[in-house]
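Below is one structure, written out as structure tokens, with a few remarks after it.
The values are calculated or read from the model by the stated rules, or taken from the named source; none is laboratory data. Please read these numbers as outputs of a predicted model, since none were measured by experiment. Glycine gets a Cβ as well: all are built from the backbone with ideal geometry, and neighbour counts include every protein chain shown. These area figures cover heavy atoms from the full protein model, side chains too; ligands, DNA and RNA do not enter into them. Shrake-Rupley method; radii C 1.70, N 1.55, O 1.52, S 1.80 Å.
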Amino acid sequence: IGRWLTERAGHNVKFLVPKRGQKEKLVELAEKNANMVLNQDREKILKEEARTTGAVKEIERLTGLHDIHRMEAFDISNISGVQPVGSMVVFTDGRPRKNDYRKFRIKTVTGPDDYSSMREVLTRRLTHESDSSFDIKPDLIMMDGGRGQVNIALDVLKELGLNIPVCGMVKDDTHSTRGLYYNNIEIPIDKHSEGFKLITRVQDEAHRFAITYHRSLRDKA
């Protein structure tokens, strides 16, 4: 340790190891404080792992998928077809990757047609060549909704010759996250689990990002 510290400091480092008296008590106190901080940090790390990578592992177990790292979620926002926009949010290993978020102003759809708008957004995202971040394809696509939204995504992927699993984040009658739709079934999830909480965060973030962009365009208009 002395040699290592000497290399790091750039000058000779000497150790003094008190055996008794006030200095020895200070060393004991420092060790106790260090252990306390270490245990606190360990708890924080374990909690953070549970809500991120642990939650992703839970989604893998529920769906039977493997090696999910990058998840992309999509949502559409408009009022009666006015200023329709789409959002794409990205979570990597359970953590939001905000630099990779993208906004889409709908160009080819007139009126309140969420399905056609979503088809445009997904097609643009999966074929866009001018955005270098789009070179990385998601390991899982998360759609805001159930069967209809998932089928739109599967149609686009089929047209483009891509094989990416798609899940739907299903809402209940109060617009709260209810579960996960995958392979034509709605998977029941413990609402207190970290996996469910992650799905809720992803869905809420996609909705927030879409509606924030929609409001900014509406305000400008």
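Details
- Rh by Kirkwood over Cα pairs, then Stokes-Einstein D for the chain at 1.306 mPa s and 10 °C, µm²/s: 78
- Cβ-derived FRET efficiency at R0 30 Å, Ser176 paired with His128, nearest 0.05: 0.40
- Residue (of Thr52, Ile187, Ile1) at the positive-pole extreme of the chain, dipole from beta-carbon charges: Ile1
- Those trypsin sites (Lys or Arg not before Pro) in the stretch 123-221 that DSSP places in a loop and that have at most 16 other beta carbons within 10 Å: Lys191
- The chain, dipole about Cα centre (Lys/Arg Cβ +1, Asp/Glu Cβ -1), debye to the nearest 20: 1080
- Ligands, DNA and RNA left out, the accessible area of the chain computed with a 1.4 Å probe is 51% carbon and sulfur.
- The loop-placed trypsin sites (Lys or Arg not before Pro) in the stretch 26-110, going by DSSP, that have at most 14 neighbouring Cβ atoms within 10 Å of their Cβ come out as Lys107.
- Karplus-derived 3J(HN,Hα) values for the stretch 210-221, using 6.51 cos²θ - 1.76 cosθ + 1.60 with θ = phi - 60°, are 5, 6, 5, 5, 4, 5, 5, 5, 5, 5, 5, 5 Hz; glycine and proline are entered as x.
- Per residue accessible area of the stretch 146-221, 1.4 Å probe, in Å²: 56
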